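A short worksheet on the structure shown next.
The values are calculated or read from the model by the stated rules, or taken from the named source; none is laboratory data. Predicted, not measured: the structure shown is a model, and the values here were computed from it. A quick note on method: Cβ atoms are made from the backbone with ideal geometry, for glycine too, and the neighbour counts reach across all protein chains shown.
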Amino acid sequence: MKVLIPSALRSYTEQGEAEARGATIADVLVDLDRLYPGIRFRMIDEQEKIRPHIRFFVDGEQVRDLAHPLSATGELIIVQALSGG
Amino acid sequence: MALSSGNQVAQKPGADAQVLLLVATRKGAWLYHGDVARKTWRADGPHFLGQIISHMLLDPRDGRTLLAAAKTGHLGPTIFRSTDFGRSWKEAAQPPAFSTVSDGKGRTVDHTFWLAPGHADEADVWYAGTSPQGLFRSTDGGVTWAPFSSINDDPQYRKWMGSAQDGTPDGPKVHSIIVDPRDTQHMYFAMSGGGVHETVDAGRTFTPIMKGLDVVEGFDRSDYTFHDPHCIRLCPSNPDRLYQQNHCGIYRLDRPSDEWVNIGKSMPKEVGDIGFPMVVHPRDANTAWVFPMDGTRVWPRTSPGGKPAAYVTRDAGQSWQRLDAGMPKDQAWWTVKRQAMTADRHDPVGLYFGTTSGELWMSGNEGAQWTCIARHLPEIYAVEAVVAASA
């Protein structure tokens, strides 16, 4: 499926879009990490929780459950919120 | 060019050995290349612009591997490696991370705060201290990291570590990881808060070394949670001697004694004995430097009275002399963080510090005269001096 990558993570992908496979968000993030080593840990901590400023949108809806099912033709948007100075 | 880190080796370098400064800031990292006379400096950077770099260090054993502890404000922490002095960087395959716990109560590394190379006989071994407090080790030059010893999950140590609310403004930290140059099994580390700890069995067990240390008035000094060592340095010329800048004064420890001696009482009353950094002379264990800050009332953490100065002792802490020639005489409200002051190995020793206001200062004569060599940088978190091992 198509994954939109926020600017802060493009040092890994070097582009704004990536193709990754998986039946859930968790699976897609594992596949992304296979393609771009290190990218998953910048979004998901060692307790398997989404880091505070990372958000996932599936087909336009925000999703907080990493087990959320995905369709192969859908679109996953990774958003990095900004705060502070 | 083979290079080595300043405080790791006491040996004096050749007179024409050049100095490289590794400057870590809140918004990236810079390398400053000095000329032979330490008069002019060429800036190389920014590296990792916009990322929080807590510490950057060169491996004194191979003289070429740089590690940088990084965190982008909105992303998780990682460690970058370079083997070509920053021309290219590669991310650690497995950065420091706590053990995953199924009950959801496990801890998360916010950032790696302190990096330390292992013993000279243990090539590729590195240690890392994190916030919240954790101790990690790499055996492959910083590519992969794993929790070190049992302290990260030990109930007693977890109690001494306290919670995020008990720590420093940027989070509680493990720092001052020191390996005895004579013994790979013997190490020290410190926690803000949580005290000073020692192992003699390569980290299988740790013992607190807290005798003689003070705590903030009203707190129980027997509870290590309340102890806040800011920076500890071991003297390369006498590894049985350590100096400590603490939240509550300046101390010296001469092993095998386990009792710290308060050496801050002879500091001028109007300046006080509070600060972050502690710097030791590479060849004279009686000489050390501190950089006092205002630790009164609400703890402004600025230069006392807006008049910055380093202080030096030449007699192991019996007396202190002010060193401010060349620094602003008034209205300078910055200070120097615990990793942001260091020494090279030249004779006379070069001293370097970076300020919270983004200025980089140096002295080529052990603090007698100071010069600002860069300004307008982001807040400086760490400065390390590296000198060529041979001319």
Can you find, within region A:56-85, the residue that is farthest from A:ALA20 (Cα to Cα) among those that are within 14 Å of chain B (Cβ to nearest Cβ) and outside any loop (DSSP other than H, G, I, E, B)?
A:GLN80
Pair list, Cβ < 7 Å and 6+ apart or interchain, from region B:81-95 residues that are part of a loop (DSSP other than H, G, I, E, B) to residues that are among the acidic types (Asp, Glu):
B:GLY86/B:ASP44
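Is region B:335-347 home to any residue that is of a type outside the set (Val, Ile, Thr), in contact with a Cys (Cβ under 8 Å, 6 or more places away or on another chain) and not in a loop (DSSP other than H, G, I, E, B)? Talk me through it step by step, then tell me what you get.
Taking region B:335-347 as the starting set, the residues that turn out to be of a type outside the set (Val, Ile, Thr) are B:337-341, B:343-347.
Those still in the list that are in contact with a Cys (Cβ under 8 Å, 6 or more places away or on another chain) too: B:338-339.
Among the residues that remain, those that are also not in a loop (DSSP other than H, G, I, E, B) are: B:339.
Yes, region B:335-347 has at least one match.
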Please verify whether B:LYS173 is more than 16 Å from the chain's Cα centre (by Cα) and among the basic types (Lys, Arg), treating the condition exactly as stated.
no
Scanning region A:1-19 for residues that are buried (at least 18 other Cβ atoms within 10 Å of the Cβ) and touching a residue at least 24 places away in the same chain (Cβ under 8 Å), which turns out farthest from the other protein chains (Cβ to nearest Cβ)?
A:VAL3
Which is within 28 Å of A:ARG51 (Cα to Cα), surrounded by fewer than 17 Cβ atoms within 10 Å (Cβ to Cβ) and of a type in the set (S, T, N, Q), of B:SER138, B:SER131, B:SER192, B:SER163?
B:SER163
On the basis of being modelled with pLDDT of 95 or more and among the acidic types (Asp, Glu), does B:ASP220 make the cut?
no
From the option list B:TRP320, B:TRP333, B:TRP289, single residue qualifying as surrounded by fewer than 18 Cβ atoms within 10 Å (Cβ to Cβ), modelled with pLDDT of 95 or more and in contact with a Pro (Cβ under 9 Å, 6 or more places away or on another chain) is B:TRP333
Within region B:87-118, how many residues are more than 9 Å from chain A (Cβ to nearest Cβ) and either exposed (fewer than 14 other Cβ atoms within 10 Å of the Cβ) or more than 23 Å from B:HIS230 (Cα to Cα) (or both)?
6
If you check A:ILE25, A:ILE44, which single one turns out to be touching a Lys or Arg at 6+ places or on another chain (Cβ under 8 Å), within 23 Å of B:GLY104 (Cβ to Cβ) and either at pLDDT 95 or above or not aliphatic (A, V, I, L, M) (or both)?
A:ILE44
Might you let me know whether region B:275-297 holds any residue that is more than 27 Å from B:ASN365 (Cα to Cα), among the hydrophobic types (A, V, I, L, M, F, W, C) and out of contact with any Leu (no Cβ under 8 Å at 6 or more places or on another chain)?
no
Grab the strands (runs of 3 or more DSSP E) fully contained in region B:122-241, keeping just those with 3 or more residues being among the β-branched types (Val, Ile, Thr).
B:173-179
Just checking, does region A:46-62 include any residue being surrounded by fewer than 14 Cβ atoms within 10 Å (Cβ to Cβ) and touching a residue at least 40 places away in the same chain (Cβ under 8 Å)?
no
Hits in region B:217-232 (condition: surrounded by fewer than 21 Cβ atoms within 10 Å (Cβ to Cβ) and in contact with a Leu (Cβ under 8 Å, 6 or more places away or on another chain)):
B:ARG221
